[in-house]
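Just below is one structure, and these are the notes that go with it.
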Amino acid sequence: MGSKKTAVALGLFDGVHLGHRAVIDAAAAQRENGLTASVFTFEPECVLRKSGGSSGFIYTKTEKEMLLLEQIGVDDIISPAFESLCGLTGEEFAEEILCRQMGAAHVCCGDDFRFGKNAACGAQELTDFGKRFGFEVEVVGAVEYGGSIVSSSRIRELLLKGEIASANELLGSAYFISAEVTDGNHIGRTIDFPTINQDFAEGQLVPRYGVYSTLTNVGGKVLPSVTNVGVKPTIEGVRRPLAETHIIGYSGDLYGKNVDVCFKSFIRPETKFGSLDELKAQIKADIQAAVNIS
């Protein structure tokens, strides 16, 4: 981090939702005092560890960093492997990581933030360590929306139900995936609806199986699209769920490229059709529905 003092936002930040943004914004506000705005977070796999494997993470490391750097605009992100720090006590974390490595002058966290070996420390302990080691601590209260506290678990529930519009409100921006386009079976081209296939990461939450109205960023140009999340039951079925997107009015080759797909609304559940002709007719209807939504 060099000699420049920093304002550090602490948190797992899975989803980078409205509550997370309040913590990050508090750190960013310290730029007025000459501090750089940094985020200290752990890799998404910590969500699996924290939940015992019962909850998938919303965003991959790459997706989370895209939000933090490109949309929110923090200056720096520290995202170590959990195993490298899990043995540190809260005091050691405050002194070694925050003070010595990050040069923290101001530290922001949510009121439910836990840290240190076995998550033994919270906001009060962080405040005490700040007094000892010379950094200010700002504890940011929970953010409410629609009468309930905004949380990653609440957003996961909405995504699993296909309630994308509601999830997007809590996220503060559209839920999206950013992944490499992989080679598929090219069935889409045979029925005049070419698609791109993208895999979800191992351990990543997969939204409700179904068809969504989406927007796809192709080389900086945002195009309307329709995305099926699921296992493609009409064709041959796949073992792992994926996102298959038809970009309306586009037929270029995107294989091997990283593409961002933003989800706007849920159109219908995934369905197994009796023939490719039935599938083709339904895709036409899905495209019209997506156009009407946009």
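General observations
- Scanning region 78-107 for residues that are among the aliphatic types (A, V, I, L, M) and at pLDDT below 90 turns up Ala81, Leu85.
- Here is the figure for region 163-184: residues that are assigned to a strand (DSSP E or B) and modelled with pLDDT of 95 or more total 6.
- Scanning region 105-116 turns up at least one residue that is in the same structural domain as Cys46 (by TED's automatic domain parsing) and surrounded by fewer than 17 Cβ atoms within 10 Å (Cβ to Cβ).
- Search result, residues across region 210-247 that are within 22 Å of Ala285 (Cβ to Cβ), surrounded by fewer than 16 Cβ atoms within 10 Å (Cβ to Cβ) and at pLDDT 95 or above: Leu223
- Residue in region 52-72 that is among the acidic types (Asp, Glu), assigned to a loop (DSSP other than H, G, I, E, B) and not assigned by TED's automatic domain parsing to the domain that holds Val261 present: no
- Each residue in region 9-51 was checked for being of a type in the set (S, T, N, Q) and assigned to a helix (DSSP H, G or I), and 3 pass.
- Pairs linking a residue in region 20-46 that is in contact (Cβ under 8 Å) with a residue 40 or more places away in the chain to a residue that is among the hydroxyl-bearing types (Ser, Thr, Tyr) and crowded, with 23+ Cβ neighbours inside 10 Å, with Cβ atoms under 6 Å and 6 or more positions apart or on different chains, are Leu35/Thr6; Thr36/Thr6; Ser38/Thr6.
- Yes/no for Phe93 being buried (at least 16 other Cβ atoms within 10 Å of the Cβ), part of a loop (DSSP other than H, G, I, E, B) and in contact (Cβ under 8 Å) with a residue 12 or more places away in the chain: no
- Total residues in region 126-161 satisfying the condition of being buried (at least 20 other Cβ atoms within 10 Å of the Cβ) and either in a helix (DSSP H, G or I) or among the β-branched types (Val, Ile, Thr) (or both): the figure is 11.
- Any chance Phe93 is farther than 30 Å from Lys161 by Cα and of a type in the set (A, V, I, L, M, F, W, C): yes
- For Cys86: the one exception among (1) part of a helix (DSSP H, G or I); (2) surrounded by fewer than 16 Cβ atoms within 10 Å (Cβ to Cβ); (3) of a type outside the set (D, E, K, R); (4) in contact (Cβ under 8 Å) with a residue 12 or more places away in the chain: (1)
The values are calculated or read from the model by the stated rules, or taken from the named source; none is laboratory data. Just so we're clear, the structure is a prediction, and the values are computed from it rather than from any experiment. Positions of Cβ are generated from backbone atoms using ideal geometry, with glycine treated the same way; all protein chains shown enter the neighbour counts.
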